[in-house]
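The values are calculated or read from the model by the stated rules, or taken from the named source; none is laboratory data. Because the structure is predicted, anything quoted here is derived from the model rather than measured. Cβ: placed from backbone, ideal geometry, glycine included. Neighbour counts: every protein chain shown. Side chains are part of the model used for accessible areas, which takes the heavy atoms of the whole protein and leaves out ligands, DNA and RNA. Shrake-Rupley method; radii C 1.70, N 1.55, O 1.52, S 1.80 Å.
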Amino acid sequence: MGGLVMNQWINEIFQNSKRVAVPVMTHPGIELTGHRVIEAVTDGRVHYEAIKYLADHYPSFATSTIMDLTVEAEAFGCQINFPEDEVPSVVGRLVSDADSVAALQVPDLQAGRVPEYLKAVRLAVEHITDRPVLAGCIGPFSLAGRLYDMSEIMVAIYTDPEVILQLLDKCTAFILKYCAELKRLGASGVFIAEPAAGLLSNEDCMAYSTVFIRQIVQTLQDDDFAVILHNCGNTGQCTQAMVESGAAALHFGNAIDMVSALQECPSSLLVMGNIDPVGIMKQASPEVVRKETLALLEATASCRNFVLSTGCDVPPQVSQENIAAFFQALDEFNLCMVYNLNTGEIPDQAQAPD
């Protein structure tokens, strides 16, 4: 990180007259370095090479690792399915009742693929020194849902809340240990992906997600390390619970209206999102990507705390043309901002600089 203090990085965003972008994007780098998804999610060096390629070729204001929500579940003992060119997925159920939850052991950092993900972060921190390296991990409720089964845990929070709270304690203990190691390795922050919490009401999100996220935030977040809470499942009903986490930044998915989310968040809090990673980034034409990105930037133009991003991890097989269109839109918008500041006028059509 070259000594960059994360708090200074955040302040720079607020003070910058231009918008910046931090897309959650690793998969295109896997393809562009000649590898397959299964290689990147099992080999830390391949993972790092994808991160480094994207950092070298795109002006993201920070770089991020793969948002893989199976690593921690595998460490606990879940079976994982590994397609060659798609993200891994959890197979089956690990715990199902009070006895199995009580017997569940919190794994160490040598379990499963955790060492490979730590290797990817260590290499990224060593070789990417001009911007923050943001690691990733799953959130406590989302991890608990993978261990207990999502459908079953949604019932059990009402029928067996003490069992689920015990499971959440164990999930949080492991995530805290994992994030502490990411911080020790030099990561500037971590995306905590908590999409399953988007299934909850605000009250339940507070009880089964926020209180546990807050433990991680209070233990690890400081001037040098930021927690970014990602919840792409939230459609607006649990935004306040996200705010109450104390995370330095909130990252929203494309299911929510970004302007409404910004209105619910303090202006002192970084808010990130939310171009559709599949419907727009993967499936739309470059011109549609450009127009959608410009529309989002224009709608949020008055919000100095807004950071342009994708709504979730950019999936495999997103074209270079669409990535270029995303950043072209950012350049066009910022050029308009410069005109506005210097002349008080915004041109009808600004061309992005070469």
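Screening region 319-329 for residues that are open to solvent by 10 Å² or more (accessible area, probe 1.4 Å) and in contact (Cβ under 8 Å) with a residue 60 or more places away in the chain and picking the one that is nearest to L294 (Cα to Cα) gives F327. Of the residues in region 330-344, at least one is in contact with a Ser or Thr (Cβ under 8 Å, 6 or more places away or on another chain), open to solvent by less than 20 Å² (accessible area, probe 1.4 Å) and within 30 Å of E86 (Cα to Cα). Restricting N254, N305 to residues that are in contact (Cβ under 8 Å) with a residue 12 or more places away in the chain, among the polar types (S, T, N, Q), open to solvent by 60 Å² or more (accessible area, probe 1.4 Å) and in contact with a strand residue (DSSP E or B) (Cβ under 6 Å, 6 or more places away or on another chain) narrows the list to N254.
For region 4-25, which positions are among the basic types (K, R) and either part of a helix (DSSP H, G or I) or surrounded by fewer than 19 Cβ atoms within 10 Å (Cβ to Cβ) (or both)? Listed by number, the list holds a single entry, K18. Can you name every residue in region 281-302 that is in a loop (DSSP other than H, G, I, E, B) and either open to solvent by 30 Å² or more (accessible area, probe 1.4 Å) or touching a Cys at 6+ places or on another chain (Cβ under 9 Å) (or both)? Passing the criteria: K282, Q283, S285, A301, S302. The numbered conditions (1) under 17 Å from V125 (Cα atoms); (2) touching a helix residue (DSSP H, G or I) at 6+ places or on another chain (Cβ under 8 Å); (3) without any contact (Cβ under 8 Å) to a residue 60 or more places away in the chain; (4) surrounded by fewer than 19 Cβ atoms within 10 Å (Cβ to Cβ) are all true for V46 except (4). Scanning region 79-115 for residues that are in contact (Cβ under 8 Å) with a residue 40 or more places away in the chain, surrounded by 17 or more Cβ atoms within 10 Å (Cβ to Cβ) and within 25 Å of I30 (Cα to Cα) yields a total of 6. Right, P266: in a loop (DSSP other than H, G, I, E, B), free of Cβ contacts under 8 Å to residues at least 40 places away in the same chain and either under 19 Å from the mean Cα position of the chain (by Cα) or surrounded by fewer than 21 Cβ atoms within 10 Å (Cβ to Cβ) (or both) or not? Spelling it out, P266 is indeed in a loop (DSSP other than H, G, I, E, B), free of Cβ contacts under 8 Å to residues at least 40 places away in the same chain and either under 19 Å from the mean Cα position of the chain (by Cα) or surrounded by fewer than 21 Cβ atoms within 10 Å (Cβ to Cβ) (or both).
Which of the residues that make up region 162-191 are crowded, with 21+ Cβ neighbours inside 10 Å and farther than 19 Å from I228 by Cα? Listed by number, the residues that qualify are V163, I164, L167, L168, K170. E31 fulfils the conditions (1) open to solvent by less than 10 Å² (accessible area, probe 1.4 Å); (2) touching a Pro at 6+ places or on another chain (Cβ under 8 Å) except for a single criterion, (1). Counting only residues that are open to solvent by 10 Å² or more (accessible area, probe 1.4 Å) and either in a strand (DSSP E or B) or modelled with pLDDT under 95 (or both), region 192-228 holds 1 of them. Does Y158 satisfy the criteria of being at pLDDT 95 or above, within 18 Å of I66 (Cα to Cα) and not hydrophobic (A, V, I, L, M, F, W, C)? It is false that Y158 is at pLDDT 95 or above, within 18 Å of I66 (Cα to Cα) and not hydrophobic (A, V, I, L, M, F, W, C). When region 141-161 is filtered for residues that are farther than 19 Å from N202 by Cβ and touching a residue at least 60 places away in the same chain (Cβ under 8 Å), the ones remaining, listed by number, are L143, R146, L147, D160.
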